[in-house]
Each structure stands twice: as C-alpha cells, then as structure tokens.
Amino acid sequence: MSKASEKRRVLLAITEASPLQDLWRAVVDYLAGSHGELTTIFFSDDRWHRAASLPFTREVSKVSGDSEDFTRERAQQIDDDTVGRTHRELEKLASEAELSFAFEVLPEHDASKLKEIVSVQHDVLILPSFMKSRPIYAELTRLKGRVYYVDTDEQENNDTEE
C-alpha cells in the first residue's frame, strides 16, 4: 500500500468536559486531508453516580431554583444524554470529513478494558491536556503511538504539548 493511500489512525480520548471543537481541529490538522480512521473513547465520569448515591445530594434547577433529590436514575440520564449528544456530533463531523468512525464508552475507573477496546495501534492519541491529571492518563500513555495534547480554555493546568 502506498503512503498516499495508507489510512492514518487517530485515537481521540474525551470526557464530558472536553471541548469538541478544539479537539476536532486537532484531528483535522493531523489528518490534513489524508484518509483516516477515528476511534473515539468517551471516558464517563463516575463522580455523578457516586454523588447520586449520597442521601443528601440535591439537584437545583438553574431556572426556577427548585431542588429535588439527585438520584442514580437522574445521574444515568445525564450520562446518557451527554454521551448521545457527543456521539452524534462526532459522527456527523467524521461523516463530513469522510473518516471511518468508531465510538466507545468506557467508565474512567475501568482502565483495564482500554486495551480490549483499542485493538489497533494508532498513529496518534489526541486528548485535552487536562486529562493528564485524570486517573485514566497512565493507561492511555501505555498505548503505542504519539501523544498530542490540546490546550483549552477549560484546561485545569498549564501543560504543553509533548
């Protein structure tokens, strides 16, 4: 297979707080018009579920100010909505860019399954810099391939590209 026809493989690691537009620009810049495959792993945040298990946790409406119990069902609904919205947006962007696209959800605490999901070596792992402080980061850096960090306004620290 010639270099021109080789598919470049990108692994995109995201959370609910990831700025998709900034990360998408990094994907497009890396691929630079070449054929590509994009695998996205959405790391779900267990903190919603832990908070929902506490008896005193309340959800307060931004509009009315009313509050109600924050339940496990509500936490799951928030997760499902966030994952669904993110999946649809990335699927649309990948389709427009004519990229092969795969999307997986992995609980952040379940790092052991990362190697099962990522069965193909990727050329580059793209992730927001703030993920360096997350527990899953150690497992991500064990994957083969280059790592590209995207600094964002929401960034939790002042990391730079490595």
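Rule-based calculations on the coordinates, nothing more; no lab input. Only a predicted model underlies this, so the values are computations on that prediction, with no experimental measurement involved. Counting neighbours? That spans all protein chains shown, and the Cβs are built from the backbone with ideal geometry, glycine included.
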Problem - 12 Å beta-carbon shell around Ala94, net charge (K/R +1, D/E -1) - result: -3
Problem - Helix 20-31 vs. the chain, principal-axis angle (Cα, 0 to 90°, nearest 10) - result: 10
Problem - Net length gained if the chain between Lys115 and Arg8 were fully extended (0.36 nm per residue, minus Cα distance) - result: 36.6 nm
Practice task
Please list, or write none, the lysines whose alpha carbon is within less than 21 Å of the alpha carbon of Lys132, excluding same-chain residues fewer than 8 places away.
Solution key: Lys113, Lys115, Lys144
Handout entry: Net charge contributed by nearby residues that have their C-beta within less than 12 Å of Arg47 (K/R +1, D/E -1)
Key = -3
Problem - Antiparallel bridge percentage (DSSP; both residues within the chain; nearest 5) - result: 10
Exercise for the section: Name the most mobile residue of Lys132, Lys62, Lys113, meaning the one with the largest mean-square fluctuation, in a Gaussian network model of the chain with Cα contacts below 10 Å. Expected result: Lys62
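Can you tally the net charge around Trp24? Count Lys and Arg as +1, Asp and Glu as -1, for every other residue whose Cβ sits under 13 Å from the Cβ of Trp24. Show your work: numbers first, answer last.
Details: positive: Arg25, Lys92; negative: Asp22, Asp29, Glu89, Glu91, Glu96.
Its environment carries a net charge of -3.
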Practice task
For the chain, with a Gaussian network of springs between Cα atoms less than 10 Å apart, report the residue from Pro135, Pro55, Pro107 with the top mean-square fluctuation.
Solution key: Pro55
Exercise for the section: Answer with a single label: of [x] 33; [y] 24; [z] 46, which was calculated as percent of Cα pairs over 29 Å apart from the structure in view? Expected result: [y]
Problem - Contour excess over end-to-end distance, with Cα ends at Arg47 and Val63 and 0.36 nm allotted per residue - result: 3.4 nm
